[in-house]
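The values are calculated or read from the model by the stated rules, or taken from the named source; none is laboratory data. Just so we're clear, the structure is a prediction, and the values are computed from it rather than from any experiment. Because the Cβ atoms are built from the backbone with ideal geometry, glycine has one as well, and the counts that use them run over all protein chains shown.
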Amino acid sequence: MSPSTLHVAIIDQLIQPRIHIRLLSIMTPLRELVVARPRERVAEAIARASSGSFDQLPVVNDEGRVAGLVYVDQLQSSPADATVSDYLVPLEKCRRLRIEDGISRAVRILHTQPASLVADGEKIAGLVHRSDLNKHAARTYFYLWLSALEMGLARLVALRLPGDSWIELLRKRAREKVLDKMECESRRNNSIAPIEYLNLSELVEIIEKNEPLYRELGFDSRSKVKAEVGRLVELRHTIMHPVRTLVPDATSMDVLANRERKLRAVTLTVQRILKRA
């Protein structure tokens with residue numbers, strides 16, 4: 001098996017849909033949710049939502065089935081005598097996710113609404129909120145794709161700039177780091193390709209400075225590489241540091257959705273190039 005074939009096989013494994021994190025890993029099960037009842041006063045539902053800073057509540061009927069959702073911002077502007085049923089968004093009008101859906105689909109749906117009910121067959125199994133994307137399981141999804149991208153870019157740079165000629169494209173500090181690492185590993189009799197020492201930021205820096213490389217990836221300028229792939233470096237930093245909140249607000253959800261689309265697109269482009277190599 002050639003090195004490129006091996007890299008493609010590993011990338012395939014990293015981004016296989018069957019190993020992706022499912023919503024079951026990040027959603028809140030129905031039994032743990034704070035819910036509203038159709039006939040209760042709006043003030044009661046608002047008080048319950050306020051106890052947990054919820055911006056929506058599932059509505060459960062007398063038979064114990066989920067009837068839909070109510071949104072707290074709508075309840076807050078309601079008359080004093082209004083009931084929850086007056087503001088109910090019926091289940092059939094709620095855009096739902098499925099328990100077997102992956103994080104990618106959740107990102108697309110939560111980009112347009114703050115939360116979604118999660119169905120298991122014909123039943124509602126729970127709810128997923130934008131804030132659930134901050135959980136470790138969701139971060140793992142992004143980490144797998146970022147790992148695939150980093151591995152693919154490293155292989156592509158090694159193919160297009162053989163003989164470690166890429167080292168000269170690094171900034172002085174990064175170049176010295178690589179050379180020091182090479183020397184250190186040589187003294188230990190460890191044989192590893194120097195390209196393995198690079199992180200995503202350094203790989204992007206090399207691609208920015210090599211026009212044939214960035215054009216092969218579908219970019220028409222250095223600034224496009226920096227603006228689009230460079231943002232994935234920021235995503236990597238956030239993913240790797242759990243103390244950094246991935247989705248603190250609605251605006252950051254827009255950013256995450258855009259970066260997730262770009263991450264998948266660039267990774268799949270690299271994968272196709274390597275398959276042809």
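Screening the range 1-117 for helices (runs of 4 or more DSSP H) wholly inside it with 1 or more residues that are assigned by TED's automatic domain parsing to the domain that holds F142 and not basic (K, R) returns the ranges 3-14. Exactly one residue among A174, A138, A154, A125 is among the hydrophobic types (A, V, I, L, M, F, W, C) and part of a strand (DSSP E or B), and that residue is A125. If the condition is being over 20 Å from A137 (Cβ atoms), without any contact (Cβ under 8 Å) to a residue 60 or more places away in the chain and charged (D, E, K, R), then the range 237-271 contributes D249, R261, K262. Any residue at all in the range 179-191 that is among the aliphatic types (A, V, I, L, M) and at pLDDT below 90? Yes; the residues of the range 179-191 include at least one that is among the aliphatic types (A, V, I, L, M) and at pLDDT below 90. How many of the residues in the range 77-113 are modelled with pLDDT under 90 and within 12 Å of I46 (Cβ to Cβ)? Adding up the residues that qualify gives 3. Let me confirm something: among G68, G64, which residue is within 14 Å of L30 (Cα to Cα) and either surrounded by fewer than 18 Cβ atoms within 10 Å (Cβ to Cβ) or aromatic (F, W, Y) (or both)? G64 is the lone residue from the list that is within 14 Å of L30 (Cα to Cα) and either surrounded by fewer than 18 Cβ atoms within 10 Å (Cβ to Cβ) or aromatic (F, W, Y) (or both).
Checked against (1) surrounded by fewer than 16 Cβ atoms within 10 Å (Cβ to Cβ); (2) closer than 26 Å to L256 by Cα; (3) polar (S, T, N, Q), S147 passes all but a single condition, namely (1).
Among the residues of the range 131-180, those identified as among the basic types (K, R) and within 13 Å of the chain's Cα centre (by Cα) are K135, R139. The set of residues from the range 189-236 being within 30 Å of A138 (Cβ to Cβ) and of a type in the set (S, T, N, Q) comprises N199, S201.
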